[in-house]
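J.: What follows is a single structure, and I will ask about it in a moment.
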Amino acid sequence: MFMRRFRSGIACVALTGISLLGLNSCREEAPSVNTLKDAYEGKFTIGAALNEPQILNMDTASIRVVKEHFNSITAENCMKSGPIQPTEGNFNFELADKFVEFGVANNMQIIGHTLVWHSQAPRWFFTDEEGNDVSAEVLKERMKNHIYTVVGRYKGKIHGWDVVNEAILDDGSYRNSKYYQILGEEFIALAFQYAHEADPDCELYYNDYSMANPGKREGVVRMIKMLKDKGLRIDAVGMQAHVALDEPKIEEFEASIKAFSEAGVKVMITEMDLTVLEMPDFRVGAEISANFEYQQKLNPYSEGLPDSVALAFEERYLDFFKLFLKYDDAVTRVTLWGVTDNQSWKNNWPVRGRTDYPLLFDRNYQPKPVVEKIINEALNTK
């Protein structure tokens, strides 16, 4: 069986300056526009999440790809509350500062991720010296201090913040996190209030996975209405696009774009990657704590993709970008969750030690054939 070896790179691909030469046939003619960011100029920004080696300029090959093809960057981990304030009052801004400096130096749209998230919040945030839950007033003060300090430090440099991350379950109810247990739904309103007070000019977002799920869609729309009824700023909803070859149904994804837009906010496609591997249980969505035992049958493509799977991958990515272009009046950003396949979290989630191919650039930092098709789709769309 012929295997498209995304793992080892795609033959006939060459990046020269800003030229992306023939991806499918080694033809000599280059298209008139040949980078993702240039092709989508005037439609929406094209972003990538940066990890620590990239921020520290240790992964120079990835940085070349980022500078060439992307005009928006998101901090993958370094701005989450655990890494940035591991103990009370002790902030570690070293990596976050370098991330912002890179974005400013390269004239990129900088996205802060994330201010309030249950998963990587430090335990001290919710407990007193004896390990008991703090009062509502103490948690409010800790939230305010954290958000004021972090947002205030980068005021005027960060384009927008993921203020609250993953607070709503698939059935539309609120996640029973420590934030919710202590403050109820008020924690969401407070987070947006504090973020706006810290930087009145900064855009503010709610970000979540499984957003094509009808129950979650309805819950997020209710949350948007709650914030707006309180007179609070929310500019956009981030739809995490951790998708598979057959999930979610693209019609449901489209329904959510329409619903959020009709609720009065813009839509951002965040954390996009497309797994070609079987999910042991689709009900986990993108729940970071999910972990399944390794089985060889769950890792079938360690040496490369069969031609049929590679074709399905291309068609699926192209279908999503066609959808984004259809709603380019509502969609303002599309961010890939990583740069190249070898760095993707999907290689180790929800099963550690697998070989996945979820991004647009392969393990040799080369664009996959679908990149040219995505570029041409933008150029052919009025």
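J.: Straight distance only, please: which lysines reach the Cα of residue 297 with their own Cα at less than 17 Å, same-chain residues fewer than 8 apart left out?
T.: 346
J.: While we're looking at this one, here's another question. How would 217, 142 line up from fewest to most surrounding beta-carbon atoms within 10 angstrom?
T.: Starting with the residue having the fewest Cβ neighbours, the order is 142, 217.
J.: Rg and Dmax in Å for the range 148-222, alpha carbons only: what are they?
T.: 13.4, 38
J.: A further question on this structure: Test of understanding: ordering 268, 108, 58, 211 by Cβ neighbours within 10 Å, fewest first, what list do you get?
T.: Fewest to most other Cβ atoms nearby, the residues stand as 58, 108, 211, 268.
J.: How much mean residue ellipticity at 222 nm does the chain get from its helices, if each DSSP H run of length 4 or more adds -39500 (n - 2.57) and you divide by all residues, to the nearest 500 deg cm²/dmol?
T.: -10500 deg cm²/dmol
J.: Now for a different question. Spelling out what I want: for every residue of the range 133-150, take phi, set θ = phi - 60°, compute 6.51 cos²θ - 1.76 cosθ + 1.60 (Karplus), and round to whole Hz; glycine and proline get x.
T.: Those phi angles translate into 4, 6, 6, 4, 5, 5, 5, 4, 5, 5, 4, 4, 4, 5, 5, 4, 5, 6 Hz.
J.: Something else now. Could you give each residue of the range 44-61 its phi-based ³J(HN,Hα) in whole Hz, using Karplus coefficients 6.51, -1.76, 1.60 with θ = phi - 60°, and x for Gly or Pro?
T.: Running phi through 6.51 cos²θ - 1.76 cosθ + 1.60 with θ = phi - 60° gives 7, 6, 10, x, 9, 8, 9, 9, 4, x, 5, 4, 7, 6, 8, 10, 5, 5 Hz.
J.: Follow-up. By count of other Cβ within 10 Å, fewest leading, how are 332, 270, 381, 45 ordered?
T.: Values: 332 19, 270 29, 381 14, 45 22.
Fewest to most other Cβ atoms nearby, the residues stand as 381, 332, 45, 270.
J.: Give, as a single signed number, the net charge of other residues whose beta carbon lies under 9 Å from the beta carbon of residue 266, with Lys and Arg counted +1 and Asp and Glu -1.
T.: Residues close to residue 266 contribute a combined charge of -1.
J.: Compute the FRET efficiency between residue 92 and residue 315 as 1/(1 + (r/R0)^6), taking r as their Cβ-Cβ distance and R0 = 51 Å, and round to the nearest 0.05.
T.: 0.75
J.: List the extent of the Cα atoms of the chain along each of their three principal axes, largest first, rounded to whole Å.
T.: For the chain, the Cα spread along each principal axis is 65, 44, 41 Å.
J.: How much net charge surrounds residue 348 when only other residues with a Cβ under 12 Å from its Cβ are counted (Lys, Arg +1; Asp, Glu -1)?
T.: With Lys, Arg at +1 and Asp, Glu at -1, the net is +2.
J.: For the range 81-193, what does the relative contact order come out to in percent, with C-alpha contacts under 8 Å and a separation of six or more?
T.: 32 percent
J.: Of all DSSP beta bridges located in the chain, what percent are antiparallel, nearest 5?
T.: So the antiparallel bridges in the chain amount to around 15 percent.
J.: Further, regarding this structure: So for the range 107-160, averaging the separation of alpha carbon pairs under 8 Å that are six or more residues apart and normalising by length, what relative contact order in percent results? Provide the component values of the computation, followed by the final result.
T.: Details: 21 pairs, mean separation 32.8, N = 54.
This gives 61 percent for the range 107-160.
J.: Under the rule of at least 5 residues apart or a separate chain, name every residue whose amide H is placed under 5 Å from the amide H of residue 266.
T.: Under 5 Å from the amide H of residue 266: 236, 237.
J.: Tell me which residues come under 5 Å, amide H to amide H, from residue 161 once H is placed; ignore anything under 5 positions away on its chain.
T.: So residue 161 has HN proximity to 112, 203, 204, 205.
J.: Moving on. List the residues, sorted by chain then number, that are 5 or more residues from residue 273 or on another chain and whose placed amide H is less than 5 Å from its amide H.
T.: Close amide H contacts, sequence-distant or interchain: 241, 242, 243, 337.
J.: Beyond 25 Å between alpha-carbons counts as too far, so tell me which of 228/382; 37/144; 225/266; 144/225 fall in that bin.
T.: On the way: 228/382 33 Å; 37/144 36 Å; 225/266 14 Å; 144/225 23 Å.
Cα-Cα > 25 Å for 228/382; 37/144; rest within.
J.: Moving to a separate point now. What number, in percent, do you get for the relative contact order of the chain if the mean sequence gap of Cα pairs under 8 Å and at least 6 apart is divided by its residue count?
T.: Rounded, it is 21 percent for the chain.
Taken together, the values in this text are just the output of simple stated rules run on the coordinates, not laboratory data. Predicted, not measured: the structure shown is a model, and the values here were computed from it. All Cβ positions, glycine included, derive from the backbone under ideal geometry; neighbour counts span all protein chains shown.
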